[in-house]
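The values are calculated or read from the model by the stated rules, or taken from the named source; none is laboratory data. The shown structure was predicted, so the numbers you read here are calculated from the model rather than taken from an experiment. Glycine gets a Cβ as well: all are built from the backbone with ideal geometry, and neighbour counts include every protein chain shown.
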Amino acid sequence: MIIIGLIGLLLDSGTRLLEGLRPLRWRYVR
Amino acid sequence: MSGAIGEPVRRVVPPLLVLAAAVAVWWAVVSATRSAIFPTPWQVVTGAWELAEDGTLWEHIGASLFRVGVGFGLAVLVAVPFGLWMGWVLAAYRTFNPVFQMLRPISPIAWIPLAILWFGVGDLSPIFLIFISSVFPMMVQTTSGVHTIERRYLRAAANFGVSRTVLFRRVVIPAVLPEIIVGMRIGIGVAWLVVVAAEMIALRSGLGYLIMDSRATPAIATTWSSPA
């Protein structure tokens, strides 16, 4: 169960990395 | 403590302290009660290590990640274009939204018997369950992203006399991307929840299966770590 939690955390962090994509940056740095 | 070193310390130390305290309490309680059904943290670590060493753990992790990858990938391919379309075209929204709002609250667990009936007990059943449970949150999020675009972006673009296609491509899609990513975060979270449940019932591989399988053996420490 602990491993499931850790992998879930990794998957979420991976998806969050998409927020750093170039077309999105304008929205966050405003 | 201040400056460049202080900030990372402030960010990392408190959660580590909470984690360490939880492990310490766990260890103390198990040692004090000599529980037969709760392993100590160290037994969990060694249990996980054994599984990792003989390769079983990686096999099951791989099986689960494969199912999530395929199911979630298909859900993104369907949900994002469909969500954009429903957000942009009012008639599409009015036509499809009620149906999706009705399908959305159906528990993924309730789909399990149907999935087994339709797709058998192979990889297709969990992939279907992952798809069905992650497609709706992403679709709703994308649609509402289009609906909540600031009007001034659209008006500013309209001032330049751009066509509807250009407006959609250059303004709507970039403006909605953050909502799409939020939808994907929700979707991947749900997908990971569902794959474990699906594997507990229908399959002979994956982390969900590993939990159920180790429950039936004396290796209870396994259940906790990966249960491993």
Selection from region B:160-176 of residues that are in contact (Cβ under 8 Å) with a residue 24 or more places away in the chain and not β-branched (Val, Ile, Thr) | B:Phe168, B:Ala175
Scope region B:178-225; condition β-branched (Val, Ile, Thr), more than 17 Å from A:Leu6 (Cβ to Cβ) and either modelled with pLDDT under 80 or surrounded by 24 or more Cβ atoms within 10 Å (Cβ to Cβ) (or both); matching residues | B:Val194, B:Ile201, B:Thr217, B:Ile220
In the set B:Leu203, B:Leu207, which member is within 11 Å of chain A (Cβ to nearest Cβ), in contact (Cβ under 8 Å) with a residue 60 or more places away in the chain and under 21 Å from B:His60 (Cα atoms)?
-> B:Leu207
Among the candidates B:Gly83, B:Gly55, B:Gly47, B:Gly87, residue that is within 14 Å of chain A (Cβ to nearest Cβ) and small (Gly, Ala, Ser) = B:Gly47
Where residues in region B:32-56 are in a loop (DSSP other than H, G, I, E, B) and hydrophobic (A, V, I, L, M, F, W, C), which of them is modelled with the highest pLDDT?
-> B:Phe38
Go through (1) farther than 27 Å from B:Ile181 by Cβ; (2) in a helix (DSSP H, G or I); (3) touching a residue at least 60 places away in the same chain (Cβ under 8 Å) one by one and return the number of the condition B:Val29 breaks.
-> (3)
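A quick yes/no check of all residues on (1) more than 14 Å from chain A (Cβ to nearest Cβ); (2) at negative phi; (3) touching a residue at least 24 places away in the same chain (Cβ under 8 Å); (4) not in a helix (DSSP H, G or I):
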| site | (1), (2), (3), (4) |
| --- | --- |
| B:Phe136 | yes, yes, yes, no |
| B:Val140 | yes, yes, yes, no |
| B:Thr143 | yes, yes, yes, no |
| B:Arg155 | yes, yes, no, no |
| B:Ala158 | yes, yes, no, no |
| B:Val182 | no, yes, yes, no |
